[in-house]
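The values are calculated or read from the model by the stated rules, or taken from the named source; none is laboratory data. On a predicted model such as this, the values are computed, not experimentally measured, just so you know. Every residue, glycine among them, receives a Cβ derived from its backbone with ideal geometry; neighbour counts consider all protein chains shown.
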Amino acid sequence: MDILGYLFFLPLGLFLFFNVIYLFIFALAGHFTGSDDISPANPPTRYRRIAILIPAYKEDKVIIDSVQANLSLDYPRQSFDLFVIADSFQPVTLQKLADYPIKIVEVSFEQSTVQKSISYALAQIPDHAYDIILISDADNHMAPDFLSRINLAFDKGWRAVQGHRVAKNTNTSVAVLDAMNEEVNNHIFRAGQRAMGLSASLIGSGMAFEPIPMKSAMSRIHTVGGYDKELEMNLMVDGLVIAYLKDAFIYDEKVQNLDVFERQRTRWIAAQIQFVSVFFRTGIRQFLRGNFHAANGLLKALVLPRTLLLAVLTVGFLLTLFLANVQFQQAYGFMLGILVISLLMSVPGYLWRKLSLRDLATFPLVVFRMVRSLLKFNTARKKFLHTPHGESTPQQNN
């Protein structure tokens, strides 16, 4: 291989090596104690007042079902309120919502984002009206004991908590693969991080905070998408550590078709790139100050999405075969093997049992759409790409 080949493969290889080793370490750690759950058998010192904020943009198809599900929780009804932040809802949906014991916050923006909706609702809530602010998505259904588990975590002194978000549906191949990806991230970036003594990653819903530090952190967010990454970093810069409750389940609708998958991943990749560009210096400064939680927040953002990383390593390995360079073949083959092992050990057994041949056949299409979303990320930096929920699809598993 000539000097140009080395100049290309060596720096890329070092970056990819960091990716796979980082994922492997935390995938392994995730099999040890990586949860901050408190047994619900322990009686709480008190039932905290909880405000559940549900930012919803054109979510007419799913919001009624979610409201009904989330009003039926094993938590004193007088101790929690649902706030539906209704952006661009149909009048008939608003009329139906008015029949439920919830609070409706109507919003309208020239350019709608989740961050704007949450910030608007927070501005309407006095600082001491609630003890906990919890964020849920319009399609999310909390498990009956979800709020009780959140309350117990705050009993133990936690000020920021991330619950365990899992798939509500696995009715298509894309949904199954998306559910597997969700659990890989739960295992590595939440359970694995906590097992190593680091702050858990936020995921955008099923997360709860003390109101004042949350409002402070939210006030410093200015991105179009991916507000949860900035919120997480701002909280860690402020000295908070985020707990992970592995047994506190909140059920999330997984994307059901490739078009929606691509749109969602385009938004996520744009948010990740923007986060690195904005917070790179912050991460370095926090490392020098000894704030390893915030420094690790930067390292996490440098890790490529797992599907994209798998595609890059596979293509890189095939290129080394074509170039007939044994050293690079071994290096890329080793990294590819470590990544596959990390992913395999991060997927729970119940999802392996759902996997079918059709799902495996869909995986190359998912990889292709993931790569294509990388090429379109600049679109998502300029406008919010909404992920619709409640979409029916003909691609059903047998």
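Pull up the stretch 328-380, narrow it to residues that are among the hydroxyl-bearing types (Ser, Thr, Tyr) and either surrounded by 18 or more Cβ atoms within 10 Å (Cβ to Cβ) or assigned to a helix (DSSP H, G or I) (or both), then point me to the one that is modelled with the lowest pLDDT.
Residue satisfying both the conditions and the ranking: Thr379.
Please work out which one of (1) buried (at least 18 other Cβ atoms within 10 Å of the Cβ); (2) closer than 30 Å to Asp131 by Cβ is the condition Val20 fails and give its number.
Val20 satisfies all of (1) buried (at least 18 other Cβ atoms within 10 Å of the Cβ); (2) closer than 30 Å to Asp131 by Cβ except (2).
Can you list residue pairs whose Cβ atoms sit under 6 Å apart, with the first residue in the stretch 250-275 being at negative phi and assigned to a helix (DSSP H, G or I) and the second being aromatic (Phe, Trp, Tyr) and surrounded by fewer than 22 Cβ atoms within 10 Å (Cβ to Cβ)? Count only pairs 6 or more apart in sequence or on different chains.
Thr266/Phe377; Ile269/Phe377; Ala270/Phe377
It is to be established whether one or more residues within the stretch 287-302 are farther than 30 Å from Leu152 by Cβ, in contact (Cβ under 8 Å) with a residue 40 or more places away in the chain, assigned to a helix (DSSP H, G or I) and among the small types (Gly, Ala, Ser).
Within the stretch 287-302, one or more residues are farther than 30 Å from Leu152 by Cβ, in contact (Cβ under 8 Å) with a residue 40 or more places away in the chain, assigned to a helix (DSSP H, G or I) and among the small types (Gly, Ala, Ser).
What's the total number of residues in the stretch 215-248 that are surrounded by fewer than 24 Cβ atoms within 10 Å (Cβ to Cβ), of a type outside the set (S, T, N, Q) and more than 21 Å from Ala301 (Cβ to Cβ)?
Of the residues in the stretch 215-248, 3 are surrounded by fewer than 24 Cβ atoms within 10 Å (Cβ to Cβ), of a type outside the set (S, T, N, Q) and more than 21 Å from Ala301 (Cβ to Cβ).
Only one of Ser205, Ser136, Ser148 is over 18 Å from the mean Cα position of the chain (by Cα) and touching a residue at least 60 places away in the same chain (Cβ under 8 Å). Can you tell me which?
Ser148
Need a quick list: strands (runs of 3 or more DSSP E) entirely within the stretch 99-189 having at least 2 residues that are under 26 Å from Arg265 (Cα atoms) and at pLDDT 95 or above.
In the stretch 99-189, the matching strands (runs of 3 or more DSSP E) lie at 132-135, 160-167.
Restricting attention to the stretch 256-272, which residues are closer than 14 Å to Val367 by Cα and not hydrophobic (A, V, I, L, M, F, W, C)?
Asn257, Asp259, Glu262, Arg263, Gln264, Arg265, Thr266
Restricting to the stretch 251-278, name every residue that is of a type in the set (D, E, K, R) and modelled with pLDDT under 90.
Across the stretch 251-278, the qualifying residues are Asp259, Glu262, Arg263, Arg265, Arg267.
Kindly provide the set of residues from the stretch 57-98 that are part of a strand (DSSP E or B) and surrounded by fewer than 19 Cβ atoms within 10 Å (Cβ to Cβ), ordered by number.
Asp81
From Ile25, Ile50, grab the single residue that is touching a residue at least 24 places away in the same chain (Cβ under 8 Å), more than 30 Å from Ile338 (Cα to Cα) and surrounded by 14 or more Cβ atoms within 10 Å (Cβ to Cβ). Don't jump to the end; show me each part of the working.
Working: Ile25 fails: more than 30 Å from Ile338 (Cα to Cα).
Being touching a residue at least 24 places away in the same chain (Cβ under 8 Å), more than 30 Å from Ile338 (Cα to Cα) and surrounded by 14 or more Cβ atoms within 10 Å (Cβ to Cβ) holds for just one of Ile25, Ile50, which is Ile50.
Which of the residues belonging to the stretch 27-50 are within 21 Å of the chain's Cα centre (by Cα) and of a type in the set (A, V, I, L, M)?
Correct list: Ala27, Leu28, Ala29.
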